[in-house]
Amino acid sequence: MKLRIKKGDHVQVIAGSNKGKSGTVSLVIVDKNRAVVDGVNIAKKHTKPANNNPGGIIEMAVPIHISNLSLLDPVSKKPTRVGVRVENGKKVRYSKKSNEIIK
């Protein structure tokens, strides 16, 4: 499956318990079709004290499936589909909503 979401993209969650939240992709796990989005899908992890770590409850972002994410249009800041086309011999991603190239 081709992934059209990359690290650094600004995305919005379109399904699930975090629907409507948006954030920046910090990690893409290609083989599992998942992405970690900052500030979305937060889970609490209980850790024991170790060497320099005092332990306690840590909040961390957990991967979310790519199908539940939609890229935000660079112009209107609304969710959009992503297309791919060739310009000057290179593949570029573009927004289907505004036809703008996504950097």
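The values are calculated or read from the model by the stated rules, or taken from the named source; none is laboratory data. Remember, predicted model here, so these are calculated numbers, not experimental data. Glycine also receives a Cβ, built like all others from the backbone with ideal geometry; neighbour counts cover every protein chain displayed. The area values use the complete protein model at the heavy-atom level, side chains included, leaving out ligands, DNA and RNA. Shrake-Rupley method; radii C 1.70, N 1.55, O 1.52, S 1.80 Å.
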Apportionment of accessible area to carbon and sulfur, segment 1-94, percent (1.4 Å): 51 percent
Please compute, for the alpha-carbon atoms of the chain, the extent along each of the three principal axes and give them in descending order in Å. 55, 28, 22
Peptide ranges 54-65, 22-33 listed from the most packed, as the mean C-beta count within 10 angstrom indicates: 22-33, 54-65
How much accessible surface does Glu100 have with a 1.4 Å probe, in Å² rounded to 10? 90 Å²
Restricting to Cα pairs below 8 Å that are 6+ residues apart, what does the relative contact order work out to for the chain? Please round to a whole percent. 21 percent
